[in-house]
Amino acid sequence: MKCDECNVDVVRNDIHYECPECGLVCSDILENEVMLKDRHKDNNNLGSIIGKEKGSYKLRRLAVTSRMSSEERTMKKAQFYCNTSASEFSMCEASKLTVKEYYNKLKRKGVFTTKMGLEERTAALTYLVLREYNYSYTLLEVSKRLEIPSKRVSKLSRLFARTLSKSYVFSTSNINSLVEKFCLKLDKSRKFMYDCVHLYNYLETIDSHYPTSSYLAGIIYFVETTQPTKITTQKEIAEAFGIKEAKTVRNNYKNIMSKLHIKSTFGLTVEDIIEGIRWQDREV
């Protein structure tokens with residue numbers, strides 16, 4: 001390359017070419033610019049600059065959490081589990097805040113122990129708040145979705161309820177919504193749903209029973225046997241409730257029969273049974 005003014009060969013000087021005679025800059029060295037860009041990029045990858053490039057969020061988050069105490073990190077993790085559990089059931093914002101509020105209250109009261117995992121605590125609190133806000137979810141459904149044993153969820157939720165003076169939550173149940181939810185899965189009529197609720201309330205006067213999935217499944221199957229034509233099997237009811245074995249439905253059905261002191265529902269309606277009419281009382 002020659003200088004346009006002096007017509008002599010130019011020489012390389014740092015980042016450009018210039019004339020040795022007049023000092024005219026003829027052109028920049030593009031390779032040097034690329035090299036500088038690559039060097040700047042490499043510096044970012046080494047962590048010297050935390051910007052908006054890929055991976056920078058994790059670095060910023062680590063920088064923040066590293067300054068937290070052990071207790072603060074545990075609380076942050078607990079809030080994450082609270083949000084995750086609440087999201088599984090599409091809970092409203094008020095109920096989500098209630099889960100966090102109850103967690104903080106129980107924390108201050110010193111109720112939590114090292115034997116209670118964060119997942120177990122939040123699962124139990126989520127179930128408690130679901131009951132308080134009248135969401136139609138059974139204990140079995142909560143247990144399956146959050147992958148925590150139902151016995152553990154039940155035990156901790158009742159413990160937390162007593163501490164928070166919320167034991168009344170478990171003395172009442174939104175039976176109408178629960179029955180409607182599962183009956184709709186089985187494509188049942190409103191009359192059928194009414195019979196299930198009516199029978200449940202009648203059984204409560206004989207022997208109060210917590211509305212577990214198995215118990216409600218037994219009631220639905222009982223009402224099914226009073227229909228002119230039985231179209232839903234024990235297995236189908238078990239599947240609707242998420243129960244593993246159909247014999248669980250059968251056993252609860254038998255227990256209900258025993259409570260009512262009847263051997264068969266043949267020729268009887270729910271209204272007949274509630275009024276005290278039994279098959280053996282009918283004239284042949």
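Where a number appears in this text, it was derived from the coordinates with a stated rule and is not lab data. Note that the coordinates shown come from a computational prediction; the quantities given were computed from them, not determined experimentally.
Data table
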| quantity | calculated |
| --- | --- |
| 3J(HN,Hα) from dihedral phi, segment 69-85, Karplus parametrisation 6.51/-1.76/1.60, rounded to Hz, x for glycine, proline | 7, 4, 5, 5, 5, 5, 5, 5, 5, 5, 4, 4, 5, 4, 5, 5, 5 |
| When each of K77/K185; K96/K144; K76/K96 is checked by Cα-Cα distance, pairs over 25 Å | K77/K185 |
| Segment 259-274 - phi-based ³J(HN,Hα) in whole Hz, Karplus 6.51/-1.76/1.60, Gly and Pro as x | 4, 8, 6, 10, 9, 7, 9, 4, x, 10, 10, 4, 4, 4, 5, 5 |
| Rel. contact order, % - alpha carbon contacts under 8 angstrom, at least six apart, segment 104-235 | 22 percent |
| Computed over segment 79-170: relative contact order in percent, which uses C-alpha pairs under 8 Å that are six or more apart | 30 percent |
| Karplus-derived HN-Hα couplings along segment 115-126 (A = 6.51, B = -1.76, C = 1.60, θ = phi - 60°), whole Hz, x at Gly and Pro | 7, 9, x, 4, 5, 5, 4, 5, 5, 5, 5, 4 |
| Segment 175-281: relative contact order as a whole-number percent, Cα under 8 Å and 6+ apart | 26 percent |
| Gyration tensor verdict on segment 175-281 (Cα atoms; rounded if a/c is under 1.5, prolate if a/b is larger than b/c, oblate otherwise) | rounded |
